[in-house]
Amino acid sequence: MTTKADVEEQVEEKSGKKADVSSKLNKILETIEQLTVLELAQLVKALEEKFGVSAAAAVAVAAPAGAGAGAAAGAAGGEEKTAFTVILTSGGEKKIQVIKEIRTVTNLGLKEAKDLVEAAPKTIKDNATKEEAAKIKQVVEAAGGKVEIK
């Protein structure tokens, strides 16, 4: 998890100056440090919707200068993939159980989870780690759904 010190260090590296973070921002950083991964995902989604932006673009801007060249070289060199997309290909026979599991792994509301299951094939999660994708697949398939990882 990124800490306040990490953020200050990144700002210092990019600008050559020590970050001057106000007490208001310090409180926000401290609150963010205490959130779970699921709460952070909800926060990012809420910020994206509220301000009409994409967190993916912000991450690309915040990446170190050499990261783009390294990622391109890694892809050409055949390095292992680190981000996966989990897709529900079918809700199966037990749609209610699948809807419950979709709600658990995504924190969607009942209507949103039901719509996702009924509109299969649909993406359950983008940019999941290998372990996270495997866990989602295992849970949803145990409930009767069919999942594909790309």
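Fully extending the segment from Val37 to Glu141 would add 35.1 nm, taking 0.36 nm per residue of separation and subtracting the current Cα-Cα distance. Just to confirm a number: summing +1 for Lys and Arg and -1 for Asp and Glu over residues other than Ala142 whose beta-carbon lies under 13 angstrom from that of Ala142, what do you get? Here the count lands on +3. Our coupling estimate for the range 121-131, obtained by passing each phi through the Karplus curve with A = 6.51, B = -1.76, C = 1.60 and θ = phi - 60°, is x, 9, 6, 8, 8, 9, 6, 7, 6, 4, 5 Hz, Gly and Pro reported as x.
Straightening the chain between Ala119 and Lys27 buys 29.0 nm, computed as 0.36 nm per residue apart minus the Cα-Cα spacing. Take the Cα of Lys81, step 7 Å toward its Cβ, do the same at Lys111, and the gap between the two points is 3.4 nm. Site pair Leu47 and Glu93 shows an inter-label distance of 4.5 nm when each label is modelled 7 Å from Cα along Cα→Cβ. The lysines whose alpha-carbon is closer than 23 Å to the alpha-carbon of Lys24, local same-chain residues fewer than 8 away aside, are Lys4, Lys14, Lys45, Lys50. Other residues whose C-beta falls under 12 angstrom from the C-beta of Val44 contribute a net charge of -2, scoring Lys and Arg +1 and Asp and Glu -1.
Only the coordinates and a few stated rules stand behind these numbers; no lab work does. These numbers were taken from a predicted model, which means no experiment stands behind them. Backbone-built Cβ (ideal geometry, glycine too); neighbour counts: all protein chains shown.
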